[in-house]
Structures are given as structure tokens and as C-alpha cells.
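These notes concern the structure reproduced below.
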Amino acid sequence: MGKLRVGVLASGRGSNLQAIMDSCSLGAIPAEVAVVISDKAGAYALERAGFAGIPAHFVDLKTFESKGDYERVVVKILQEHRVQLVCLAGYMRLVGEHLLKAYPNKIMNIHPALLPAFPGLHGQRDALAYGVKISGCTVHFVDEGMDTGPIILQAAVPVLDDDTEETLAARILEQEHRLYPEAVKLFAQGRLQVMGRKVLVIK
Ligand code: GRF
């Protein structure tokens, strides 16, 4: 069986992209990153793709009349690279209708909190401010909402009394780098079944 072709959308430093690329190149998951797309010109994720010899594209939303037009180009690039699964890795935009339609239940995201708690841009900061004792990360399928899609995998970490946003984020990030490749692996193995809000992991 051929390897699953993954397209990664990232806006920033791309450490989750790196974790997925590393797992692919180690042969730990039957997948390969086929293309990386960023909506930010200087995103380090684009450089990481370049170092790995993976095609990297910057698509500038500002140059399009609508988000729909922007997404049409993103989808075109993904399709040109025969992408079968899209992974959002620090992609700082809500996914719109066009992308969702092109990849139904085939777009994943990683969020740095135990959803449905603390969705949005500051998962770690919000968890800390709320005073929870446990936080973590969530890999989920993407729907039209902000961090609302069916949950695939979660990992928990303790929140310590002397944590800062940075120390908590670092503890969570370690788990993100383990969890995201694991979710991609399950998808590549055809072991994820979406039943409404639930994602069954087939043994
Ligand atoms: C991660 O914390 C991820 O959970 C969130 O954005 C951050 C991206 O980090 N969605 P990186 O770009 O993968 O290093």
C-alpha cells in the first residue's frame, strides 16, 4: 500500500510539522508530507519544509478578494500534490467552507488544551488563569467551528503551582509532538471512524 500523502498548513514555527515529518522519515508512520502551505511569508515552517526537500508555498490571503478565493488556491495546491489528509499545525485561521468541502473529515488540528475546555488562541494561558490542575492537548477533526470538531486523541499533563504560560506550554508541546504523529498514523492505517461527535479508534 502507498504512503498517505499529507498536506500541512502552518502559520508559524512549525514544531508540530517537524514532528510529523520526522515520524514519516523514520518510517514510524506510513505517510509522507507532500506539501506545506503557509499564510505567513516568514513562517519558519516554510524553511523547515525546505530543509526537508518538501515543496513549500506561501499563499497570501491579502491578495485575494475573498477567503473563498484564497481557499480555492489552497485546495488547488493540495490537490496538485495529491494530498489525502490535511494537518493544521499552528495554522491561525478558521477553516472555511471550501476547504472543508474538499476534505470532509480529512482535516485535523492540534490544540494545546483539553477540549472542550479553553478553545481559541490562548489555550495554555486560559487554563493557567482558570486554575485547573490538569491540562494537555487535543487532536481533533476540523469542522466549521473554532476547535469544536470530533476529538481523535488527547493527552494530559499536570499544571504545577509555579507554572508560567511558557513552562506549561513547553510541557504540553512535548505531548503534542507525540500525539499528532500518532493521530496521523491511525488515519493512515484507516483506523479512525467518525460517528457523529465520536471518533472510534479501530483496534
Ligand atoms: C501549538 O501549540 C499547537 O497546539 C497550536 O499552535 C501551536 C503551534 O506550534 N495550535 P508549532 O508551530 O507547531 O510549533
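Quick grid of which residues meet (1) open to solvent by less than 20 Å² (accessible area, probe 1.4 Å); (2) in contact with a Ser or Thr (Cβ under 9 Å, 6 or more places away or on another chain); (3) small (Gly, Ala, Ser); (4) under 17 Å from Glu182 (Cα atoms):
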site: Val95; (1), (2), (3), (4): yes, no, no, no
site: Lys101; (1), (2), (3), (4): no, no, no, no
site: His111; (1), (2), (3), (4): yes, yes, no, yes
site: Phe118; (1), (2), (3), (4): no, yes, no, no
site: Val132; (1), (2), (3), (4): no, no, no, no
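Scanning the stretch 54-66 finds one or more residues that are under 19 Å from Glu144 (Cα atoms) and either touching an Asp or Glu at 6+ places or on another chain (Cβ under 7 Å) or polar (S, T, N, Q) (or both).
One line per residue, one yes/no per condition, for (1) touching a helix residue (DSSP H, G or I) at 6+ places or on another chain (Cβ under 8 Å); (2) open to solvent by less than 50 Å² (accessible area, probe 1.4 Å):
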site: Val35; (1), (2): yes, yes
site: Ile54; (1), (2): yes, yes
site: Gln79; (1), (2): yes, no
site: Arg82; (1), (2): no, no
site: Leu88; (1), (2): no, yes
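Scanning the stretch 1-55 for residues that are within 23 Å of Val95 (Cβ to Cβ) and among the basic types (Lys, Arg) gives Arg5, Arg13, Lys40, Arg48.
If I go through the stretch 13-33 residue by residue, how many of them are open to solvent by less than 40 Å² (accessible area, probe 1.4 Å), out of contact with any Phe, Trp or Tyr (no Cβ under 7 Å at 6 or more places or on another chain) and among the small types (Gly, Ala, Ser)?
So the count comes out to 3.
Whenever a residue of the stretch 159-171 is within 9 Å of Gln124 (Cβ to Cβ), it has no partner that is within 15 Å of the ligand (Cβ to nearest atom) and of a type in the set (Phe, Trp, Tyr) lying with C-beta atoms less than 6 angstrom away and at least six residues away or across chains.
Can you name the residue in the stretch 155-200 that is in a strand (DSSP E or B) and either open to solvent by less than 60 Å² (accessible area, probe 1.4 Å) or in contact with a Leu (Cβ under 6 Å, 6 or more places away or on another chain) (or both) and, of all such residues, is nearest to Ser135 (Cα to Cα)? Before you say what the answer is, go through the steps one by one.
Of the residues in the stretch 155-200, the ones in a strand (DSSP E or B) are 155-158, 192-195, 198-200.
Now drop any that are not either open to solvent by less than 60 Å² (accessible area, probe 1.4 Å) or in contact with a Leu (Cβ under 6 Å, 6 or more places away or on another chain) (or both), which leaves 155, 157, 192-194, 199.
On the way: Ala155: 8, Val157: 5, Leu192: 24, Gln193: 26, Val194: 25, Val199: 21 Å.
Among those that are in a strand (DSSP E or B) and either open to solvent by less than 60 Å² (accessible area, probe 1.4 Å) or in contact with a Leu (Cβ under 6 Å, 6 or more places away or on another chain) (or both), it is Val157.
The values are calculated or read from the model by the stated rules, or taken from the named source; none is laboratory data. From a predicted model like this one, the values you see are computed outputs, not experimental measurements. All Cβ positions, glycine included, derive from the backbone under ideal geometry; neighbour counts span all protein chains shown. Side chains included, ligands, DNA and RNA excluded: accessible areas come from the protein's heavy atoms. Shrake-Rupley method; radii C 1.70, N 1.55, O 1.52, S 1.80 Å.
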